[in-house]
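See structure below.
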Amino acid sequence: MSILLHEVNKSFPNPPTQVLTNISCEIKLGEFVSLVGRSGSGKSTLLYIMSSLDKATSGSVKIGGEEISSFTQKKLHQFRNEHMGFVFQFHYLLPELSAEENILMPARKNGLHHQKREYAHYLLEQFGIKDKINRLPKQLSGGEQQRVAIARALIMEPTYLFTDEPTGNLDTANGEIVMNIFKKLNLEKKTTIVMVTHDPDFANSATRQIYLSDGKITSQAV
Ligand SMILES: Nc1ncnc2c1ncn2[C@@H]1O[C@H](COP(=O)(O)OP(=O)(O)OP(=O)(O)O)[C@@H](O)[C@H]1O
Ligand SMILES: [Mg+2]
């Protein structure tokens, strides 16, 4: 189930802006790819399009050989819930739920929260926040909240993890904790990871880099 983009263009009408131009690339199963480029180069836009959260203006986006635009809303939601995890810079934990309950939220949607509880505890343990299991987000540090958000993205054991500046508001130590989690996931669970980052060191932690400049791919060594 690789992700295949062919001559993808994206423009916004208001004000008229061409954000992505003729993007063709493939994310193979099991890859760990970083998307790198200056602010405004189109990284987030590309991430949203390849992860089905946004639509291309023209061109083709296929997952496992199937055109995403041909999926019904229902199929798309189901596919995302089963196969995709998302981690963004601002992680939108639900403020009234504990760390554990936030992590189990995606499982709850499928009635799987009881089965997944043990895995939630395992993730909390791995991320070094097992002792914070019953805390509300406001009782956690930014780095701890970020790890809860990552655990939530992983609870369904997704095939793909899409992440936009996951270390953006973390200090060096917490940033490295998060990067090590990603490397381990990719290595041990073969999770396919696409990560937007400004940080050249973190970008190099991935096994491949796609460079964007002005909405075009300038390099994507395979
Ligand atoms: N809804 C929109 N309407 C018009 N232009 C937009 C819209 N969303 C994004 N853009 C423009 O598209 C370009 C790419 O935006 P994008 O968010 O993908 O950049 P980025 O590489 O992620 O930048 P950053 O590193 O700052 O997050 C920017 O010039 C931005 O102003
Ligand atoms: Mg961005």
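The values are calculated or read from the model by the stated rules, or taken from the named source; none is laboratory data. Predicted, not measured: the structure shown is a model, and the values here were computed from it. Here the Cβ is made from the backbone with ideal geometry for all residues, glycine too, and neighbour counts use every protein chain on show.
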Members of the stretch 33-49 found to be within 6 Å of ligand 1 (Cβ to nearest atom) and under 12 Å from I23 (Cα atoms), listed by number: G42, K43, T45
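Quick one: count up the residues across the stretch 1-24 that are more than 12 Å from I63 (Cα to Cα) and either more than 12 Å from ligand 1 (Cβ to nearest atom) or surrounded by fewer than 20 Cβ atoms within 10 Å (Cβ to Cβ) (or both). Before you say what the answer is, go through the steps one by one.
First pass over the stretch 1-24, keeping only residues more than 12 Å from I63 (Cα to Cα): 7-24.
After this cut, where a residue has to be either more than 12 Å from ligand 1 (Cβ to nearest atom) or surrounded by fewer than 20 Cβ atoms within 10 Å (Cβ to Cβ) (or both) as well, the list is 7-9, 11-19, 21-22, 24.
Qualifying residue count for the region: 15.
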Scan the stretch 32-86 for residues that are free of Cβ contacts under 8 Å to residues at least 12 places away in the same chain and either within 22 Å of R152 (Cα to Cα) or touching a strand residue (DSSP E or B) at 6+ places or on another chain (Cβ under 7 Å) (or both) and jot them down. Y48, E67, K74, K75, H77, Q78
Are any of the residues in the stretch 145-166 buried (at least 17 other Cβ atoms within 10 Å of the Cβ) and more than 18 Å from the chain's Cα centre (by Cα)? no
Does N180 qualify as being in contact with a helix residue (DSSP H, G or I) (Cβ under 6 Å, 6 or more places away or on another chain), assigned to a helix (DSSP H, G or I) and not hydrophobic (A, V, I, L, M, F, W, C)? no
Is it the case that some residue within the stretch 200-220 is within 13 Å of the chain's Cα centre (by Cα) and modelled with pLDDT under 95? no
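Considering each of K130, K216 in turn, give the residue that is touching a residue at least 12 places away in the same chain (Cβ under 8 Å) and surrounded by fewer than 18 Cβ atoms within 10 Å (Cβ to Cβ).
None of the others qualify; the one that does is K216.
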Going through K62, K43 one at a time, which residue ends up being buried (at least 16 other Cβ atoms within 10 Å of the Cβ), away from ligand 2 (no atom under 16 Å from the Cβ) and at pLDDT 95 or above? K62
N169 vs (1) in a helix (DSSP H, G or I); (2) within 16 Å of ligand 1 (Cβ to nearest atom): all pass except (1)
